[in-house]
Amino acid sequence: MRHLLLALAVLAVPAAANPPDARDTARLLSGSVTGPAQHCIRQRILHGQTIVDQSTIVFERGSGRYYRNDVAPGCAALRRNRALLTREIAIGICEGDTFEVFDPISRVNYGSCIFGPFVPYQRPR
């Protein structure tokens with residue numbers, strides 16, 4: 001249970017900070033080398049997240065590595081000033097898993113959405 005709460009805090013805090021806008025995120029990922037989509041990723045390797053729009057979330061792994069998730073089929077509840085609540089099972093968060101969208105200040109829950117595949121990006125050195 002303690003690992004679950006730590007993972008939830010890692011994903012919730014960056015969304016409340018001053019996130020970059022979609023243009024900044026596009027610049028961040030432009031020129032990056034993409035790899036094959038992954039079905040699951042471990043939350044403990046993530047440093048944060050950026051909600052880009054109602055269909056895209058970018059997870060930061062560190063050292064210029066990111067995962068882009070195109071939420072299937074889109075998520076009207078996603079907004080840049082909101083956070084995600086996930087439940088990591090033994091292997092991590094996976095394509096097809098649901099997550100909740102909430103306001104990190106008021107704790108209002110705006111509903112659930114479904115992760116798509118996780119596409120890795122690596123910035124060239």
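Here are the numbers for the structure shown:
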| quantity | calculated |
| --- | --- |
| In order through the range 44-49: 3J(HN,Hα) via Karplus (6.51 cos²θ - 1.76 cosθ + 1.60), integer Hz, x for Gly, Pro | 5, 8, 8, 9, x, 8 |
| Coil-residue trypsin sites (Lys or Arg not before Pro) of the range 61-100, DSSP, other Cβ within 10 Å capped at 15 | 79, 80, 87 |
| Net charge contributed by nearby residues that have their C-beta within less than 12 Å of residue 76 (K/R +1, D/E -1) | +1 |
| Net +/- balance of residues flanking residue 118 in space, Cβ distance below 12 Å, scoring K and R +1, D and E -1 | +1 |
| ³J(HN,Hα) computed for each position of the range 70-87 - Karplus, 6.51 cos²θ - 1.76 cosθ + 1.60, integer Hz, glycine/proline x | 9, 4, 9, x, x, 8, 4, 6, 5, 9, 4, 8, 10, 10, 10, 10, 10, 10 |
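No lab work stands behind these numbers, since they all come straight from the coordinates. Only a predicted model underlies this, so the values are computations on that prediction, with no experimental measurement involved. We place every Cβ from the backbone using ideal geometry, glycine too, and count neighbours over all the protein chains shown.
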